[in-house]
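Q: Quick one: structure below, then a few questions.
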Amino acid sequence: MEAVGVALDLDALAGLAVEFGEVIARLEQEIYIDVGHEFNLGSPKQLEQILFFELNLPKGKRTKTGFSTDASVLEELRRLIR
């Protein structure tokens, strides 16, 4: 495999990229509707503001710059609100 590589089905990968892109866009819109406004989901600082101050969810680990929004904190929040 190192010498000759692997074959990829580029059409299948392109189809998955479109499908996943649509799912991500739908989920983003659902989040914006639930929160009431758009924000940068990729911004830990903005996510912190939404989760812990606007939605008043339980604050987890503290970092130098505020409350953590890392994967472990998000998983814990998901477990708590179900």
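The values are calculated or read from the model by the stated rules, or taken from the named source; none is laboratory data. Model, not experiment: these values are computed from the prediction. As a convention, Cβ positions derive from the backbone with ideal geometry for all residues, glycine included, and neighbour counts pool all protein chains shown. In case anyone asks, the SASA skips ligands and DNA or RNA and just uses the protein heavy atoms, side chains included. Shrake-Rupley method; radii C 1.70, N 1.55, O 1.52, S 1.80 Å.
Q: If you go through the stretch 44-82 one residue at a time, how many are small (Gly, Ala, Ser) and not in a helix (DSSP H, G or I)?
A: Start the filter on the stretch 44-82 by keeping residues that are small (Gly, Ala, Ser), which leaves 60, 66, 68, 71-72.
Checking the rest, the ones that are also not in a helix (DSSP H, G or I) come to 60, 66, 68.
The number of residues fulfilling the criteria is 3.
Q: Does any residue in the stretch 65-82 that is under 20 Å from LYS45 (Cβ atoms) come within less than 6 Å, Cβ to Cβ, of a residue that is among the aromatic types (Phe, Trp, Tyr) and in a helix (DSSP H, G or I) six or more places away or on a different chain, and which pairs are these?
A: Here the result reads PHE67/PHE52, each pair linking the stretch 65-82 to a residue that is among the aromatic types (Phe, Trp, Tyr) and in a helix (DSSP H, G or I).
Q: In the stretch 44-82, what residues are among the hydroxyl-bearing types (Ser, Thr, Tyr) and open to solvent by less than 80 Å² (accessible area, probe 1.4 Å)?
A: Restricting attention to the stretch 44-82, the residues satisfying the condition of being among the hydroxyl-bearing types (Ser, Thr, Tyr) are 63, 65, 68-69, 72.
Passing the criteria: THR63, SER68, THR69, SER72.
Residue-wise test of (1) assigned to a helix (DSSP H, G or I); (2) in contact with a Cys (Cβ under 6 Å, 6 or more places away or on another chain); (3) open to solvent by less than 70 Å² (accessible area, probe 1.4 Å).
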{"site": "ALA7", "(1), (2), (3)": "no, no, no"}
{"site": "ALA12", "(1), (2), (3)": "yes, no, yes"}
{"site": "GLY15", "(1), (2), (3)": "yes, no, yes"}
{"site": "VAL18", "(1), (2), (3)": "yes, no, no"}
{"site": "VAL23", "(1), (2), (3)": "yes, no, yes"}
{"site": "ILE31", "(1), (2), (3)": "yes, no, yes"}
{"site": "GLU38", "(1), (2), (3)": "no, no, no"}
{"site": "GLY42", "(1), (2), (3)": "no, no, yes"}
